[in-house]
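The values are calculated or read from the model by the stated rules, or taken from the named source; none is laboratory data. Just so it is clear, the structure is predicted and the values come from calculations on it, not from any experiment. In this analysis, Cβ positions are derived from the backbone assuming ideal geometry, glycine residues included, and neighbour counts consider all displayed protein chains. Accessible surface areas use protein heavy atoms only, side chains included; no ligands, DNA or RNA. Shrake-Rupley method; radii C 1.70, N 1.55, O 1.52, S 1.80 Å.
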There are 2 protein chains.
Amino acid sequence: MTTGIRNARNVSRYLFGTGSLSNLPAILNVHRSSASHRVIIFIDHYFQTHTLSDDFNVITPADQIIYVDTTHEPTTSLMNSMRDRVLTESAELPCAIVGIGGGITMDVAKAVSNLLSNGGDAEDYQGWDLVRVPGIFKVALPTISGTGAESTRTCVMTNTASGLKLGMNSDFTVFDQIILDPDLTRTVPRDQYFFTGMDAFIHCMESLNGSYRNAIGDAYSSQTMQLCRDVFFGDDMMSDENRAKLMVASYLGGCAIATSYVGVLHPFSAALSVVLGLHHGVANCITMRAMEEFYPEGYSEFYRMAERQGVSIPEGVCRNLTDDQYERLYSATIIHEKPLTNALGEDFKDILTPWKVRELFLRI
Amino acid sequence: MTTGIRNARNVSRYLFGTGSLSNLPAILNVHRSSASHRVIIFIDHYFQTHTLSDDFNVITPADQIIYVDTTHEPTTSLMNSMRDRVLTESAELPCAIVGIGGGITMDVAKAVSNLLSNGGDAEDYQGWDLVRVPGIFKVALPTISGTGAESTRTCVMTNTASGLKLGMNSDFTVFDQIILDPDLTRTVPRDQYFFTGMDAFIHCMESLNGSYRNAIGDAYSSQTMQLCRDVFFGDDMMSDENRAKLMVASYLGGCAIATSYVGVLHPFSAALSVVLGLHHGVANCITMRAMEEFYPEGYSEFYRMAERQGVSIPEGVCRNLTDDQYERLYSATIIHEKPLTNALGEDFKDILTPWKVRELFLRI
């Protein structure tokens with residue numbers, strides 16, 4: 001394991017501010033050409049029945065909109081089918097791909113951009129630096145804050161056949177342009193706003209408590225946590241000011257990921273997603289229930305923030321499971337060697353024995 | 001004036017960590033080709049007599065090193081002459097330009113990169129978005145922290161003929177790669193380390209006290225100031241840990257500049273540079289002496305930090321000047337309309353009358 005010295009790729013350009021969605025057409029027009037005028041816009045299916053913005057339909061009359069069903073965590077099949085939707089509609093490759101939504105929708109934009117340029121299927125690129133050439137110019141407009149997908153170099157997906165949950169980790173996966181418009185998070189349901197926002201807080205809490213640290217990762221993590229505290233200890237976490245702050249926290253939290261590792265919580269949370277199909281944000285919050293011994297301060301802050309905002313965290317999801325399920329939870333947790341080493345040292349398996357892990361899941 | 005909504009261009013890649021200088025050859029080799037194998041390395045002349053790193057001579061045997069005399073603030077003539085040095089040595093355009101030094105040396109790398117691709121002289125590009133095509137691939141290795149030149153979209157220079165101090169503000173001016181190696185700041189003289197580091201602190205202090213703010217500029221500024229406090233209220237501002245932190249503060253302070261404005265202090269400091277030839281870092285610190293009424297908290301923190309580190313700030317540089325000099329100082333201050341409006345409102349000239357400005361300079 002390294003201490004995080006890595007050549008980190010930044011998002012090329014970011015535009016931040018209320019109403020900045022209105023800059024999307026001009027940004028796309030720069031990339032339209034005689035070779036291709038076609039833009040694909042992936043949008044979370046939530047916006048089939050909710051208004052994204054009054055202006056939105058007006059500004060994209062000619063472009064292909066594809067709604068992304070985000071009911072389940074993303075799979076390689078989803079990525080491949082989204083690519084097929086683009087290819088069957090027209091033989092002309094698009095000049096730009098836009099992702100408007102949360103982590104899943106942004107990750108679809110990343111994956112399809114890579115697949116259209118590189119050929120092959122999503123399964124072929126699960127891993128590190130397997131993408132060979134730059135993807136198609138891609139833009140993200142997050143409509144919920146916390147995942148950091150707008151600034152990271154991966155797109156999460158589970159291999160439908162093998163069950164492997166691993167993204168396309170590549171500099172080519174990083175967005176060329178992001179537009180951070182706090183107006184777009186106005187309609188997020190309160191619980192989901194909290195669960196997803198906590199993804200940024202929790203990641204940074206884990207990083208700052210790990211062994212493998214560096215000054216730039218620490219700086220991003222500290223500022224992200226401070227912004228989360230401002231938001232979730234505030235009167236209304238969804239005020240205009242706080243939605244703007246959480247959008248910045250999400251972006252900076254994503255930057256933190258580039259040069260840091262998570263710890264104990266994310267492996268447990270990932271296991272809940274893989275074995276029980278829980279979404280990442282809520283799985284993190286559920287996992288917190290068992291984390292007091294590892295992160296006493298973060299644990300305390302987390303519950304005080306939830307209480308302050310009147311959000312209740314689901315409980316009991318791991319009671320009454322079968323032995324087989326507990327074993328699969330153990331395996332899916334313990335496989336995350338890097339974060340667990342970061343948090344507990346190389347002998348982490350001596351601490352996280354099968355019985356200890358089961359006991360922690362039972363507490364959840 | 002806008003509130004800072006702007007499509008901000010990030011440095012494409014950053015590599016952070018002690019010893020990361022050793023990655024420079026590999027990064028350059030990616031850009032060497034049959035078309036051009038030539039790399040130009042601009043280095044602060046300080047390293048003609050001081051060791052940059054034991055490895056450095058070994059890793060760049062074949063490349064052209066040009067030492068940059070940083071005794072005076074940079075001019076358009078300096079930029080043009082540096083470009084000429086590159087062109088007279090060989091007709092082959094370089095595949096990469098490297099700047100190793102402080103703000104001046106990094107700015108030379110930026111300007112020469114733009115000039116080699118765009119033709120013309122430095123004077124032709126002083127302003128906003130006048131650079132037409134991307135410069136040659138450019139890399140920065142800061143050897144002193146605070147200016148933020150490693151992350152900004154400008155390169156400061158004064159027009160030798162007209163006296164105009166204005167940079168090449170352009171997305172093309174942003175570095176493609178920066179290498180932040182805290183080892184490189186080990187040999188900085190203590191006073192200079194403090195004066196230059198304070199550039200980051202002071203910029204952010206001004207931004208956070210202005211009227212035109214946004215959540216992302218605020219986040220970068222807050223974290224930059226916090227890192228500066230950690231460093232300058234620490235036992236030894238030049239410990240390994242603190243040099244790493246200040247390097248991060250400088251980078252993030254540069255990011256803050258992208259979406260924020262300075263205030264009262266920078267215009268006064270710029271006037272000191274233009275009229276009396278003082279370097280930017282020390283000019284900022286000297287100016288602080290007159291800033292208590294505008295920034296009482298920052299003023300207090302600044303002097304406590306200087307005291308803590310045993311650094312004394314020059315004083316009296318504006319006593320016994322001629323009337324003509326005071327008038328030129330007034331003009332060179334008041335010309336900075338955007339920052340002064342940000343700090344004092346549109347009627348800033350009612351507050352900063354010629355007599356008030358003279359009185360403030362006298363206090364310096």
### Query
For the range A:243-354, list the helices (runs of 4 or more DSSP H) that sit wholly inside it and hold at least 1 residues that are closer than 30 Å to B:THR224 by Cα; which are they?
A:265-276, A:280-288, A:296-308, A:337-344
### Query
Scanning for something under 16 Å from the mean Cα position of the chain (by Cα), within 28 Å of A:SER250 (Cα to Cα) and either open to solvent by 20 Å² or more (accessible area, probe 1.4 Å) or not β-branched (Val, Ile, Thr) (or both), does the range A:88-100 turn up at least one residue?
yes
### Query
Can you spot a residue in the range B:179-189 that is free of Cβ contacts under 8 Å to residues at least 60 places away in the same chain and closer than 20 Å to B:TYR303 by Cβ?
no
### Message
I'd like the full set of residues that are within 19 Å of the chain's Cα centre (by Cα) and among the aromatic types (Phe, Trp, Tyr), limited to the range B:101-138.
### Response
B:TYR125, B:TRP128
### Unique match (being modelled with pLDDT under 95, in contact with a helix residue (DSSP H, G or I) (Cβ under 6 Å, 6 or more places away or on another chain) and outside the structural domain of B:ARG213 (by TED's automatic domain parsing)) among B:THR3, B:THR49, B:THR18
B:THR18
### Message
Here are the criteria: (1) part of a loop (DSSP other than H, G, I, E, B); (2) open to solvent by less than 40 Å² (accessible area, probe 1.4 Å); (3) not aromatic (Phe, Trp, Tyr). Tell me which single one B:ALA35 does not satisfy.
### Response
(2)
### Query
So A:MET198 fits all but one of (1) more than 25 Å from A:ALA332 (Cβ to Cβ); (2) in contact (Cβ under 8 Å) with a residue 24 or more places away in the chain; (3) not β-branched (Val, Ile, Thr); what number is the exception?
(1)
### Query
Can you tell me which residue in the range A:210-248 is most open to solvent (accessible area, probe 1.4 Å), limited to those that are hydrophobic (A, V, I, L, M, F, W, C) and away from chain B (no Cβ under 12 Å)?
A:PHE233
### Query
Any residue in the range B:42-55 that is touching a strand residue (DSSP E or B) at 6+ places or on another chain (Cβ under 6 Å), open to solvent by less than 10 Å² (accessible area, probe 1.4 Å), of a type outside the set (Ser, Thr, Tyr) and part of a strand (DSSP E or B)?
yes
## Note on the structure
The residue from B:LEU130, B:LEU78 that alone is open to solvent by 20 Å² or more (accessible area, probe 1.4 Å) and assigned to a helix (DSSP H, G or I) is B:LEU78
### Task
Among the residues of the range A:175-221, count how many are among the hydrophobic types (A, V, I, L, M, F, W, C) and part of a strand (DSSP E or B).
3
### Query
Among the candidates A:THR187, A:THR196, A:THR160, which residue alone is out of contact with any Cys (no Cβ under 7 Å at 6 or more places or on another chain), open to solvent by 40 Å² or more (accessible area, probe 1.4 Å) and under 20 Å from A:MET238 (Cβ atoms)?
A:THR187
### Query
When the range A:249-283 is examined, which residues are found to be more than 14 Å from the chain's Cα centre (by Cα) and either within 14 Å of chain B (Cβ to nearest Cβ) or open to solvent by less than 10 Å² (accessible area, probe 1.4 Å) (or both)?
A:THR259, A:SER260, A:GLY263, A:VAL264, A:LEU265, A:PRO267, A:PHE268, A:ALA271, A:LEU272
### Task
Taking the residues in the range A:170-184 that are crowded, with 18+ Cβ neighbours inside 10 Å, within 19 Å of A:SER117 (Cα to Cα) and not hydroxyl-bearing (Ser, Thr, Tyr) as candidates, determine which candidate is farthest from the other protein chains (Cβ to nearest Cβ).
A:PHE172
### Query
Given the structure, is A:GLY345 modelled with pLDDT under 95 and either open to solvent by 40 Å² or more (accessible area, probe 1.4 Å) or in the same structural domain as A:SER211 (by TED's automatic domain parsing) (or both)?
no
### Query
Does the range B:154-164 include one or more residues that are part of a strand (DSSP E or B) and without any contact (Cβ under 8 Å) to a residue 60 or more places away in the chain?
no
### Query
Within the range A:52-72, which residues are modelled with pLDDT under 90 and over 16 Å from A:PRO142 (Cα atoms)?
A:ASP54, A:ASP55, A:ASN57, A:VAL58, A:ILE59, A:THR60, A:PRO61, A:ALA62, A:ASP63
